[in-house]
Amino acid sequence: MSKILVKEVSKIFGDNPQEALKRLEKGESKNQILEDTGMTVGVNRASFDVNEGEIFVIMGLSGSGKSTLIRLINRLIEPTSGEILIDGQNIVKMNTNELIEIRRKKLGMVFQKFALLPHRTILDNVEYGLEIQGVPKEERAKKALETLATVGLKGYEDQRPNQLSGGMQQRVGLARALANDTDILLMDEAFSALDPLIRKDMQDELLTLQESLKKTILFITHDLDEALKLGDRIAIMKDGRIVQIGTPEEILTTPENDYVSTFVQDVDRSKVLIASQVMKKPDIVAIWKEGASRAIRRMDEKGISSIFVVDKQHKLKGLLTIDAAIEALKEGGWVEEILVQDFPVTSPDTPLHELIGIAIDTKYPIAVVEGEKLVGIIVRVSILSGLALGK
């Protein structure tokens, strides 16, 4: 079951939203409806799901409807139509008390403008949600201190918000949401107000935290690079509609229409593609127990001068050059010491941009290893063709 499930949700701002809905169903555009009726289509029949532990990014330009959509998720804005299910519960049908309860227990919010209380200390700000819930002072202080340490702000608990930098203030906002220990984090342009370097640090911090916290995160941004970096999946919005949902790789390599194609045309593919997408299967390897003569024949068949050596479980032992193999054959056998060990090794999820310099400098293929097993190799041409073709 999806953690968040959104079904055909629309939001119309105006006096007669049902009329606008009928026009949408007939295929009229957002601009047409605004011109004819004066009503604004905020969100147009949006449908998507967010899996538990996923970072799901909704992105689009100003006016695309992304911020309206995230406010519909926790009913800060009332939807005109559709269903919004949190853990299978339709919050659209909830009364005020039920809605307050689900916000407290399941939905944490991180805002673009930090929304810190200036007269309170950092500790008091982080405690605030727990205080509203009636958590005893000692317990909420302990939880707040733990959370401040998690986001790298240990020692700042007695400071005031105006004594902290923008990036540190945003960490406080994140800590406040985390302290409530909700399953879901809603992050609305959370890093957009930060300077580029601080913004990058916060993106890295969020990814690091997510590795251990495994929260379900709905993240709103207008920045494609940010979406591609953070998102397990991305929904792109235009004029209130979701025009494509996919993984970063799918968005980048198989855009569904001209709008998405234009959006992604200037993206640095090397920061999105990863090793597993450009590696090729090591169709020829030497098995350690087979000996030097078999390795030489395999290199001769493929016209190559080196070969990776693995054991029967496909665990990587090293790299054998043709010169070393011939020498071993003359000596009547081989030992592990003849294998080259100073070749580059990477994991399947390494971003391609981290491998470009390595591929240029090395004389050997890059070994892609997962759990000690050789799963692929990358040669220079694989990287260049991956960047050119977006495969």
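Throughout, read-outs are computed from the coordinates displayed, never taken from laboratory work. All values reported here derive from a predicted model rather than from experimental measurement. Backbone-built Cβ (ideal geometry, glycine too); neighbour counts: all protein chains shown.
Numbers below:
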{"read-out": "Spatially proximal aspartates and glutamates relative to Lys312 (Cα-Cα < 20 Å; intrachain offsets below 8 disregarded)", "value": "Asp283, Glu290, Glu336, Glu337, Glu370, Glu372"}
{"read-out": "Burial ranking of peptide ranges 286-296, 19-29 (average Cβ count within 10 Å, highest at the top)", "value": "286-296, 19-29"}
{"read-out": "Those lysines that a straight Cα-Cα span of less than 21 Å connects to Lys317, excepting residues fewer than 8 apart in one chain", "value": "Lys280, Lys281, Lys289, Lys302, Lys363, Lys373"}
{"read-out": "The chain - percent relative contact order, Cα under 8 Å, separation 6 or more", "value": "16 percent"}
{"read-out": "Estimated [θ] at 222 nm from DSSP helical runs (n ≥ 4, -39500 (n - 2.57)) normalised by residues in the chain, nearest 500", "value": "-11500 deg cm²/dmol"}
{"read-out": "Rounded to 10°, Cα long-axis angle of helix 166-179 versus longest principal axis of the chain", "value": "80 degrees"}
{"read-out": "Helix axis angle, 292-302 relative to the chain longest principal axis, alpha carbon, degrees", "value": "70 degrees"}
{"read-out": "D (Stokes-Einstein, µm²/s), Kirkwood Cα radius, the range 4-269, 0.692 mPa s at 37 °C", "value": "169 µm²/s"}
{"read-out": "Protection proxy ranking of 219-230, 174-185 - average other beta-carbon atoms within 10 Å, highest first", "value": "174-185, 219-230"}
{"read-out": "Selected from Gly240, Gly82, Thr40, residue furthest toward positive end of dipole (the chain; charges at beta carbon)", "value": "Gly82"}
{"read-out": "Calculated FRET efficiency for the pair Asp361/Asp311, C-beta based, R₀ 41 Å, to 0.05", "value": "0.90"}
{"read-out": "Stokes-Einstein D for the range 276-389, Kirkwood Rh over Cα pairs, 10 °C, 1.306 mPa s (µm²/s)", "value": "109 µm²/s"}
{"read-out": "Over the range 74-206, volume per residue of the alpha carbon convex hull, in Å³", "value": "122 Å³"}
{"read-out": "Subset of Lys7/Lys137; Lys11/Lys105; Lys66/Lys214; Lys11/Lys229; Lys106/Lys229 violating a 32 Å alpha-carbon distance limit", "value": "Lys7/Lys137"}
